[in-house]
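Q: Once you've had a glance at the structure underneath, I'll fire off some questions.
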Amino acid sequence: MVQEEECLRIMTPMQNPPSSLWANRLRQNQGIRSLMEDLGQVTGHPDEILLGGGNPAHIPEAEAIFAEAFQSLAKDPKLGALLGDYQAPIGNDRFRSLAAEFLSPHLGADLRKDNIAFFNGSQNAYSYLLNIHSGKMMDGSFKKILLPIVPDYIGYADQSIEADAFLATKPEVIRTGNRRFRYGLNKTEFDLSIVGCVALSRPTNPTGNILSNKDIEWVEERTQKQKLPLLIDLAYGNPFPNLIGQEEPIHYREGRTLSLSFSKIGLPGVRLGIVVSDPDTIETLSAYAAVGNLAVGNLGVYLMEILFRKEILTNLAKNILRPFYDKKRELAIAIFESEFQKHGIEYEIHDPMGGFFLWIRFPNLSVTNHKLYHLCKDKRLFIVSGHYFFPGLNSDFSHTQDCIRLTYCRPEEELARGAHILAEIIASHQTKSE
């Protein structure tokens, strides 16, 4: 009998151990997880069309610069330290001082090493920044993260440890031309009463929208009165890769926390993010980094040293990256509009002011954008459903269900095949205009 009970015990599957509410949220359907798993599950099949991810384009001229930098590191006597020594949690003082010196003229501020922190990607940095300024406060209150204009970056939504930490309002929709529109800042519903910080990306991922300096100063005037930090994500912005079209650059000033990334210059595998902020925030980030990361990786900061030398990175952004992406954007728009019009598709494109995405609305779509994503995936076409980009928005807004994000970083032939398949699918899943 004892042996029988023991046998049954062994054969009975173990139940999952109890988990935290945060763990339960992380296991649910996340936009950023879905996006990155799609990238990871790519098989290399010739029919796959990868218009979903945020991977930068492979630009031969840029990759030649990176290859030369890697070769220089391989021959450097400091290679042993690169491979065999830990950095400090947010980077050694030498590299932080170097970054401060390089960034000062580009960000219009007199920066010191105490204004600089390195992280294993700006995504990693934001997971700490957002939790520093939101959730349960020491005075017992609960503070939220305000996204002043949505849609915004897919990766913000699940970074807060506390649930229901985001707040957003429906943006203005500004018609800018035939089949063109732009989202504008909703100033009438701007409310900071339960807010711990304000966060935005510039250019905005996913739309390419660029909030003007005038609008940012309007927001900042209100955050300063409440002594709230303004977090500005410059992953696609100035000073690198500087994909900001004709708009003015952002500068650093007290009350702002800026984040920069090496991913969009063409080095996503290196995982280097740079935070520029006040010394107190940097010190708090150092404590987070020590616990969460132990140390920042060495490769990124050693490459940074080479690319900052003699303004190599500045010239790369100005003379290679911006011309390349400007040309790709115009090509992609022409390809997609041609296919949409051939198939009688009703569509609207957000003015692509910067970055390297197209945000497209299909007002007559008869299925949700999430369903459209699966229909496309069945045809080996990868896109991103727009419903993920509105964290904290609780009001009805049709754009949450009928918009998608596409990258135009892929080769022309791949863009053309993707546009054709997408147009065919939408043509069979749209209601007729009256």
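Q: Looking at the stretch 267-282, which of its residues are assigned to a helix (DSSP H, G or I) and either without any contact (Cβ under 8 Å) to a residue 60 or more places away in the chain or of a type in the set (S, T, Y) (or both)?
A: D280, T281
Q: As an exercise: evaluate L230 against (1) farther than 22 Å from I90 by Cα; (2) surrounded by fewer than 22 Cβ atoms within 10 Å (Cβ to Cβ); (3) in contact with a Lys or Arg (Cβ under 7 Å, 6 or more places away or on another chain); (4) hydrophobic (A, V, I, L, M, F, W, C) and give the number of the one condition it does not meet.
A: Every condition holds for L230 apart from (1).
Q: Same structure again: Got a number for residues in the stretch 81-100 being assigned to a helix (DSSP H, G or I) and farther than 17 Å from I306 by Cα? Talk me through it step by step, then tell me what you get.
A: Of all residues in the stretch 81-100, those assigned to a helix (DSSP H, G or I) come to 81-84, 93-100.
This time we only want the ones that are farther than 17 Å from I306 by Cα, so: 84.
Here the count works out to 1.
Q: May I pose another question? Against the conditions (1) surrounded by 19 or more Cβ atoms within 10 Å (Cβ to Cβ); (2) among the aromatic types (F, W, Y); (3) outside any loop (DSSP other than H, G, I, E, B), where does Y252 fall short? Just the number, please.
A: Failing condition for Y252: (3).
Q: Can you tell me how many residues within the stretch 167-221 are of a type in the set (A, V, I, L, M, F, W, C) and without any contact (Cβ under 8 Å) to a residue 12 or more places away in the chain?
A: 1
Q: Anything in the stretch 189-216 that is closer than 19 Å to Y236 by Cβ and of a type in the set (D, E, K, R)? List them, or say none.
A: R202, D215
Q: Suppose we filter G135, G121, G91, G108 for residues that are in contact with a helix residue (DSSP H, G or I) (Cβ under 8 Å, 6 or more places away or on another chain), in the same structural domain as I216 (by TED's automatic domain parsing) and within 29 Å of N213 (Cα to Cα); which single one remains?
A: Answer to the check: G121.
Q: Would a scan of the stretch 424-432 turn up a residue that is assigned to a helix (DSSP H, G or I), at pLDDT 95 or above, farther than 23 Å from N186 by Cβ and touching a Ser or Thr at 6+ places or on another chain (Cβ under 7 Å)?
A: The answer is no; no qualifying residue exists.
Q: Which of the residues spanning the stretch 194-249 are part of a helix (DSSP H, G or I) and under 19 Å from H350 (Cα atoms)?
A: Going residue by residue through the stretch 194-249, those that are part of a helix (DSSP H, G or I) are 213-226.
Scanning the stretch 194-249 gives a single hit, D215.
Q: Filtering the stretch 149-170 down to residues that are modelled with pLDDT of 95 or more and out of contact with any Lys or Arg (no Cβ under 9 Å at 6 or more places or on another chain), which residue is surrounded by the most Cβ atoms within 10 Å (Cβ to Cβ)?
A: Checked the stretch 149-170; the qualifying residue surrounded by the most Cβ atoms within 10 Å (Cβ to Cβ) is D152.
Q: Do we find a residue being under 22 Å from L111 (Cβ atoms), touching a Gly at 6+ places or on another chain (Cβ under 8 Å) and among the hydrophobic types (A, V, I, L, M, F, W, C) anywhere in the stretch 211-221?
A: Looking for residues that are under 22 Å from L111 (Cβ atoms), touching a Gly at 6+ places or on another chain (Cβ under 8 Å) and among the hydrophobic types (A, V, I, L, M, F, W, C), one finds none in the stretch 211-221, hence no.
Q: Against the condition more than 26 Å from S20 (Cα to Cα), buried (at least 17 other Cβ atoms within 10 Å of the Cβ), aromatic (F, W, Y) and modelled with pLDDT of 95 or more, how does F119 come out, does it pass?
A: Against the criterion (more than 26 Å from S20 (Cα to Cα), buried (at least 17 other Cβ atoms within 10 Å of the Cβ), aromatic (F, W, Y) and modelled with pLDDT of 95 or more), F119 qualifies.
Q: Let me ask something additional. Could you look through the stretch 67-99, keep only residues that are within 16 Å of N293 (Cβ to Cβ) and of a type outside the set (A, V, I, L, M, F, W, C), and pick out the one that is surrounded by the most Cβ atoms within 10 Å (Cβ to Cβ)?
A: Looking only at the stretch 67-99, we keep the residues that are within 16 Å of N293 (Cβ to Cβ), and these are 85-92, 95-96.
Cutting the leftovers down to of a type outside the set (A, V, I, L, M, F, W, C) gives us 85-87, 89, 91-92, 96.
Values: D85: 11, Y86: 12, Q87: 22, P89: 20, G91: 28, N92: 19, R96: 24.
Top of the filtered list is G91.
Q: Quick check on my filter: what residues within the stretch 391-405 are hydrophobic (A, V, I, L, M, F, W, C) and crowded, with 23+ Cβ neighbours inside 10 Å?
A: Start the filter on the stretch 391-405 by keeping residues that are hydrophobic (A, V, I, L, M, F, W, C), which leaves 393, 397, 403-404.
Within the stretch 391-405, C403, I404 qualify.
Q: Would it be correct to say that N394 is in the same structural domain as I49 (by TED's automatic domain parsing) and modelled with pLDDT of 95 or more?
A: no
Q: Checking H387 against (1) assigned to a loop (DSSP other than H, G, I, E, B); (2) in contact with a helix residue (DSSP H, G or I) (Cβ under 7 Å, 6 or more places away or on another chain), which single condition isn't satisfied?
A: (1)
Q: Further, regarding this structure: Looking at L130, L103, can you tell me which residue is buried (at least 16 other Cβ atoms within 10 Å of the Cβ), hydrophobic (A, V, I, L, M, F, W, C), more than 19 Å from F262 (Cβ to Cβ) and in contact with a strand residue (DSSP E or B) (Cβ under 8 Å, 6 or more places away or on another chain)?
A: L130
Q: Among (1) in a helix (DSSP H, G or I); (2) closer than 23 Å to G297 by Cα; (3) assigned by TED's automatic domain parsing to the domain that holds V275, which single condition is F66 missing?
A: Among (1) in a helix (DSSP H, G or I); (2) closer than 23 Å to G297 by Cα; (3) assigned by TED's automatic domain parsing to the domain that holds V275, the lone unmet condition for F66 is (3).
The values are calculated or read from the model by the stated rules, or taken from the named source; none is laboratory data. Keep in mind it's a predicted model, so treat the numbers as computed, not measured. Glycine also receives a Cβ, built like all others from the backbone with ideal geometry; neighbour counts cover every protein chain displayed.
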